[in-house]
Amino acid sequence: MENIDWKSLGFGYHKTDYNVRCYYRNGQWGEIEVSSEETIPMHMAATCLHYGQEAFEGLKAYRCPDGKVRVFRPDENAARLQSTCRGIMMPEMPTEKFVEMVKTVVRLNERFIPPYESGATLYIRPLLIGTSAQVGVHPADEYLFLIFVTPVGPYFKGGFFANPYVIVREYDRSAPLGTGIYKVGGNYAASLQANQKAHEMGYACEFYLDAKEKKYIDEAGAANFFGIKNNTYITPKSTSILPSITNKSLMQLAEDLGLKVERRQIPAEELETFEEAGACGTAAVISPISRIDDVEAGKSYVFGEKPGPWSEKLFNLLRGIQYGIEEDKHGWTLVVIE
Ligand SMILES: *Cc1c(COP(=O)(O)O)cnc(C)c1O
């Protein structure tokens, strides 16, 4: 194993040995190629550079206490990438090939998979881009799909804790009929200003309302929202949020634990009634929310500095499944290294 101070790793880029690539040419995907190059030679008129024909995914490989390495629901990432591809007119990468490439890139970089005890993980970043030259606004003819990996540090250093979020009414991340439901880079470019502003104001992250009515909860910059009250897990239904695989999994686990699950519009004022609130995504699993300030509306919704009991239970259960500690009843994990 590499000699890295795993615990002090952040969420940055750390060079590994290999990445895997697959090219789409003449209407079909080619063979899987292994590369040790960190760069992509590309035409300056590539559609990904000018017109945002770019999709990405994010998942992790976990070195588990039983010595195996597991990946969480890669078939779901493949399905979401296919949905994104339909959304911005790129060819779909078949699930089988996607999963094969995930396995290959994790195995090839085994020495960079952090030890279990460190809390660090191997982050897996699939990327699909339009590469052929085009000046008119049309989809490209040629594409590159690649996956690289990089070790990332533990999200929670010094225990599971809650963070403050802020509603940003003067920015939208995505439009109701726009690309918010797709995992494309443009949504992130659109969120950078609001994200920087939230950080400058001392918040962990910005929080968006629906762009049309500015009435309902959408999501945080890169994480879905859920709230808990009256033994019910409640998460927004919206056409402008990214369908989080973590959230989908938490909804199932909440049901397994005997909670009711509701996916519906959540008016911002309803935040007042939640006993617990959290942001969820691959990076943190659950990032409990201590309070959400709505500065312009002069309101502050407080959930407490300590994570709530259901948030803690759900966090431990999902993390336990990812690490092969809890029983994987739904068959979510894929053992990549025995
Ligand atoms: C990736 C992403 C999430 C989290 O999705 P997971 O599959 O749970 O990691 C949430 N919101 C946005 C905007 C995202 O891009």
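The values are calculated or read from the model by the stated rules, or taken from the named source; none is laboratory data. None of the values given here were measured: they were computed from a predicted structure. With ideal geometry, Cβ positions are generated from the backbone for all residues, glycine too; neighbour counts draw on all protein chains shown.
The sole residue among Q252, Q196 that is within 16 Å of the ligand (Cβ to nearest atom), over 15 Å from the mean Cα position of the chain (by Cα) and surrounded by fewer than 21 Cβ atoms within 10 Å (Cβ to Cβ) is Q252. Of the residues making up region 212-219, none is within 17 Å of the chain's Cα centre (by Cα), in a helix (DSSP H, G or I) and within 15 Å of the ligand (Cβ to nearest atom). Applying the set (1) surrounded by 19 or more Cβ atoms within 10 Å (Cβ to Cβ); (2) within 11 Å of the ligand (Cβ to nearest atom); (3) under 30 Å from A120 (Cα atoms) to S240 leaves exactly one unmet item: (3). Output the number of residues of region 135-167 satisfying the condition of being surrounded by fewer than 16 Cβ atoms within 10 Å (Cβ to Cβ) and closer than 26 Å to M44 by Cα. The number of residues fulfilling the criteria is 5.
Of all the listed residues (T179, T235), the sole one being among the polar types (S, T, N, Q), more than 11 Å from the ligand (Cβ to nearest atom) and under 26 Å from L81 (Cα atoms) is T235. Please determine whether any residue of region 261-280 is closer than 30 Å to A61 by Cα and among the polar types (S, T, N, Q). No, every residue in region 261-280 fails to be closer than 30 Å to A61 by Cα and among the polar types (S, T, N, Q). Checking every residue in region 106-120 against the condition of being within 16 Å of the ligand (Cβ to nearest atom) and buried (at least 22 other Cβ atoms within 10 Å of the Cβ) gives zero matches. Criterion applied to G202, G153, G186 was being on the phi > 0 side of the Ramachandran plot and of a type in the set (G, A, S), and the one residue passing it is G202. Of the strands (runs of 3 or more DSSP E) lying entirely inside region 31-86, the ones with 3 or more residues being surrounded by fewer than 15 Cβ atoms within 10 Å (Cβ to Cβ) and either of a type in the set (K, R) or more than 15 Å from the chain's Cα centre (by Cα) (or both) are found at 33-35. Condition check for A277 on (1) closer than 25 Å to A211 by Cα; (2) more than 16 Å from the ligand (Cβ to nearest atom): one failure, at (2). Residue-level analysis places L257 outside the set of residues that are within 15 Å of P164 (Cα to Cα) and modelled with pLDDT of 95 or more. With respect to R319, is the statement that it is within 16 Å of the ligand (Cβ to nearest atom), within 24 Å of A175 (Cα to Cα) and not hydroxyl-bearing (S, T, Y) true? Here the answer is no, as R319 does not meet what is asked.
Tell me, yes or no, whether region 291-306 has at least one residue that is part of a helix (DSSP H, G or I) and of a type outside the set (A, V, I, L, M, F, W, C). Scanning region 291-306 turns up no residue that is part of a helix (DSSP H, G or I) and of a type outside the set (A, V, I, L, M, F, W, C).
Residues that are polar (S, T, N, Q) and surrounded by fewer than 18 Cβ atoms within 10 Å (Cβ to Cβ) within region 291-338 comprise S300, N316, listed in sequence order. For N195, are the conditions met, namely being in a strand (DSSP E or B) and not charged (D, E, K, R)? No; evaluated as a whole, the condition is false for this residue. Selection of region 25-84 for residues being touching a strand residue (DSSP E or B) at 6+ places or on another chain (Cβ under 6 Å) and without any contact (Cβ under 8 Å) to a residue 12 or more places away in the chain yields only G30.
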